[in-house]
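Novice: Quick one: this structure, given as structure tokens, is what I'll be asking you about.
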Amino acid sequence: MEKFDVVVIGGGPGGYPAAIRAAQLGASVALVEKEALGGTCLNWGCIPTKALIASADLYERMRNSAALGLKPGRVGYDYAEMNVRKNAVVARLTGGVTQLLKANGVETFKGTASFTGRNRLLVARRGHKREVQAGRAIIATGSESVRPAFIPRHPRVMGSRRFLDMTELPSSLIVLGGGVIGCEFACLAARLGVRVTVVEMLDDILMVLDADLRRALRRHMQEALRIRILTGEPMKDIDAGEDGVSGKVGGKSVKAEKMLVSIGRRPFTERLALEAVGLNTDETGALPVDEYCRTAAAGVYAVGDVTAGSTQLAHAATAQGIAAAENACGERPSKYETLVPSCIFTSPEIGSVGVSEAEAARGGLDVQTGKFSFAALGKALAAGEAEGFVKWVARRDTGQLVGAQALGPHATEMISEAAVAIRAELTVEELGRTIHCHPTFSEAWMEAAHAVHGECIHAAPKHG
């Protein structure tokens, strides 16, 4: 039987960094992956969608470039070629992960892992089985899309993975689910000319965001992208056939050529045989862990989407994976980071980190906010990207920055500055006195910090 100091189950953004970090610390490491290295994020999520969104973004900018004094002529796109490029990007990155694991001496097993005892795992693939001994185990099996029984099984009804495999877009699309994944795909398709309807049973799309961000995003999606958004009612009487997909939302009829189902994800723990190590999942199917990524079973850690309370973000899984590896290898106890910025690649983009206004109100935290609009920012106007704003959330008593949101151009890049400021416990005054380059988009953070106390130079003062 092969023996390893650490065995990592799952090769996604939580698993492969954990394997590499454990190897860096001198451990003998094996990684078990049942599909493709890089997991959902690299193969069927973050990377392929952003490759397609990059093409859609450039296409939209070219179509609207007359406002910048350009004459691009007839602009079109070839979705099949966009898909080829997307696949090439994915292949290059998965190849890179393979080489990194090999360079760090990590042994990779293709197959499905299950526990047979406290320190034993069975790796099975296509009828072949091998048993390995693990001094420590790190579970990083991720999550899978939810597909309720009321959703018809039909080629015209698909999840995100099948959507990404398409080489031709439908003329019309229903997106069932107004969360992050649903809104990203809706914006992608609409920017390429697809007639899109988003159906969300909650009162609004992206309910995790503050109301001002939701309003601005919804307005742009409806007015600029012509997306039909139906909220507050579930979709019923769903029917799929040769002539398309149809259903009812309240008293309204909806119909499209195809439907994308995006109503959430659930932890993937099937076939792990957790009972062999005395582990149970919670009511959501997730594994509870402590701040060091330890499960209730000695020597067994868990990271990423499979853990209770997960943000289901790749970068959060990576941070957990590294912490778990350090703890599994006997390093000084390492807590995983809990300040996790999020990025949403809708049109316009959204970034957020820390405490939102709504969360502050629910938690009884007295806060002040400062906002600055890109419409008043020199670089944004010069670049022709003036939609949106940034916002700080700060404690009223001390001025400490506790949260931030951004909606607009490059918001997913800009939010990292806010994360650093919050983690460093900077105050509004300290951030506001930090000189930012001019003209840049990041100046908006400085201006918004000044706006908290009504001292913004490039915005009119509030009266009354």
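Novice: Going residue by residue through segment 176-191, is there one that turns out to be over 13 Å from SER262 (Cβ atoms) and at pLDDT below 95?
Specialist: Taking segment 176-191 and keeping what is over 13 Å from SER262 (Cβ atoms), we get 190-191.
Next cut, at pLDDT below 95 only: none.
Scanning segment 176-191 turns up no residue that is over 13 Å from SER262 (Cβ atoms) and at pLDDT below 95.
Novice: Sticking with this one: Within segment 57-80, is even one residue touching a residue at least 40 places away in the same chain (Cβ under 8 Å) and either closer than 21 Å to GLY11 by Cα or within 22 Å of the chain's Cα centre (by Cα) (or both)?
Specialist: Yes: segment 57-80 contains one or more residues that are touching a residue at least 40 places away in the same chain (Cβ under 8 Å) and either closer than 21 Å to GLY11 by Cα or within 22 Å of the chain's Cα centre (by Cα) (or both).
Novice: I need every pair where a residue in segment 158-172 that is surrounded by 13 or more Cβ atoms within 10 Å (Cβ to Cβ) has its Cβ under 8 Å from the Cβ of a residue that is β-branched (Val, Ile, Thr) and in a strand (DSSP E or B), sequence separation at least 6 or different chains.
Specialist: Between residues of segment 158-172 that are surrounded by 13 or more Cβ atoms within 10 Å (Cβ to Cβ) and residues that are β-branched (Val, Ile, Thr) and in a strand (DSSP E or B), the close pairs are MET158/VAL261; GLY159/VAL261; SER172/VAL196; SER172/THR197.
Novice: Now for a different question. Of all the residues that make up segment 232-271, how many are among the polar types (S, T, N, Q) and free of Cβ contacts under 8 Å to residues at least 24 places away in the same chain? Before the answer, list the steps.
Specialist: The first filter runs over segment 232-271 and keeps only residues among the polar types (S, T, N, Q), leaving 246, 253, 262, 269.
Now restrict to residues that are free of Cβ contacts under 8 Å to residues at least 24 places away in the same chain: 246, 253.
Adding up the residues that qualify gives 2.
Novice: Here are some residues: ALA382, ALA375, ALA394. Which one is more than 23 Å from VAL180 (Cα to Cα) and crowded, with 21+ Cβ neighbours inside 10 Å? Please lay out each step first, then the result.
Specialist: Details: ALA382 fails: crowded, with 21+ Cβ neighbours inside 10 Å; ALA375 fails: crowded, with 21+ Cβ neighbours inside 10 Å.
When all the criteria are applied, what remains is ALA394.
Novice: Are there any strands (runs of 3 or more DSSP E) wholly within segment 244-321 with 3 or more residues that are on the phi < 0 side of the Ramachandran plot and under 16 Å from the mean Cα position of the chain (by Cα), and if so which?
Specialist: On the way: elements: 244-249, 252-256, 258-261, 265-267, 300-302.
Per the criteria, 265-267.
Novice: Identify, by number, the condition in (1) assigned by TED's automatic domain parsing to the domain that holds VAL198; (2) surrounded by fewer than 19 Cβ atoms within 10 Å (Cβ to Cβ) that LEU217 doesn't meet.
Specialist: Unmet for LEU217, out of (1) assigned by TED's automatic domain parsing to the domain that holds VAL198; (2) surrounded by fewer than 19 Cβ atoms within 10 Å (Cβ to Cβ): (2).
Novice: Which of (1) within 20 Å of ASP239 (Cα to Cα); (2) of a type in the set (A, V, I, L, M, F, W, C); (3) touching a strand residue (DSSP E or B) at 6+ places or on another chain (Cβ under 6 Å) is the odd one out, the single condition VAL180 does not satisfy?
Specialist: Among (1) within 20 Å of ASP239 (Cα to Cα); (2) of a type in the set (A, V, I, L, M, F, W, C); (3) touching a strand residue (DSSP E or B) at 6+ places or on another chain (Cβ under 6 Å), the lone unmet condition for VAL180 is (1).
Novice: Is it the case, given these coordinates, that ARG136 is within 30 Å of CYS329 (Cα to Cα), over 20 Å from the mean Cα position of the chain (by Cα) and surrounded by fewer than 22 Cβ atoms within 10 Å (Cβ to Cβ)?
Specialist: Working: within 30 Å of CYS329 (Cα to Cα): yes; over 20 Å from the mean Cα position of the chain (by Cα): yes; surrounded by fewer than 22 Cβ atoms within 10 Å (Cβ to Cβ): no.
For ARG136, the condition - within 30 Å of CYS329 (Cα to Cα), over 20 Å from the mean Cα position of the chain (by Cα) and surrounded by fewer than 22 Cβ atoms within 10 Å (Cβ to Cβ) - is not met.
Novice: Continuing with the same structure: Considering only segment 98-117, state which residues are in contact with a strand residue (DSSP E or B) (Cβ under 6 Å, 6 or more places away or on another chain) and among the small types (Gly, Ala, Ser).
Specialist: Listed by number, the residues that qualify are GLY111, ALA113, SER114.
Novice: Please state which one of GLU417, GLU430, GLU447, GLU455 is surrounded by 15 or more Cβ atoms within 10 Å (Cβ to Cβ) and over 24 Å from LEU339 (Cα atoms). Walk me through how you get there before you give the answer.
Specialist: Working: GLU417 fails: over 24 Å from LEU339 (Cα atoms); GLU430 fails: over 24 Å from LEU339 (Cα atoms); GLU447 fails: over 24 Å from LEU339 (Cα atoms).
Just one listed residue meets the conditions, GLU455.
Novice: Right, here's the next one. Could we say that VAL340 is surrounded by 22 or more Cβ atoms within 10 Å (Cβ to Cβ) and outside any strand (DSSP E or B) here? Full working, then the answer.
Specialist: Values: surrounded by 22 or more Cβ atoms within 10 Å (Cβ to Cβ): no; outside any strand (DSSP E or B): yes.
Judged against the criteria, VAL340 is not a match.
Novice: Separate question: Take the conditions over 15 Å from GLY370 (Cβ atoms), assigned to a loop (DSSP other than H, G, I, E, B) and over 30 Å from the mean Cα position of the chain (by Cα) and apply them to ILE435. Does it pass? Outline the logic, then answer.
Specialist: Values: over 15 Å from GLY370 (Cβ atoms): yes; assigned to a loop (DSSP other than H, G, I, E, B): yes; over 30 Å from the mean Cα position of the chain (by Cα): yes.
For ILE435, the condition - over 15 Å from GLY370 (Cβ atoms), assigned to a loop (DSSP other than H, G, I, E, B) and over 30 Å from the mean Cα position of the chain (by Cα) - is met.
Novice: If you go through segment 293-303 one residue at a time, do you hit one that is crowded, with 19+ Cβ neighbours inside 10 Å, more than 24 Å from ASP5 (Cβ to Cβ) and in contact with a strand residue (DSSP E or B) (Cβ under 8 Å, 6 or more places away or on another chain)?
Specialist: No, there is no match, as no residue in segment 293-303 is crowded, with 19+ Cβ neighbours inside 10 Å, more than 24 Å from ASP5 (Cβ to Cβ) and in contact with a strand residue (DSSP E or B) (Cβ under 8 Å, 6 or more places away or on another chain).
Novice: Has segment 178-187 got any residue that is buried (at least 20 other Cβ atoms within 10 Å of the Cβ), of a type in the set (Val, Ile, Thr), in a helix (DSSP H, G or I) and in contact (Cβ under 8 Å) with a residue 24 or more places away in the chain?
Specialist: Within segment 178-187, one or more residues are buried (at least 20 other Cβ atoms within 10 Å of the Cβ), of a type in the set (Val, Ile, Thr), in a helix (DSSP H, G or I) and in contact (Cβ under 8 Å) with a residue 24 or more places away in the chain.
The values are calculated or read from the model by the stated rules, or taken from the named source; none is laboratory data. Nothing here was measured: the structure is a model prediction, and the numbers come from that model. All Cβ positions, even for glycine, are placed from backbone atoms using ideal geometry, and neighbour counts span all protein chains on display.
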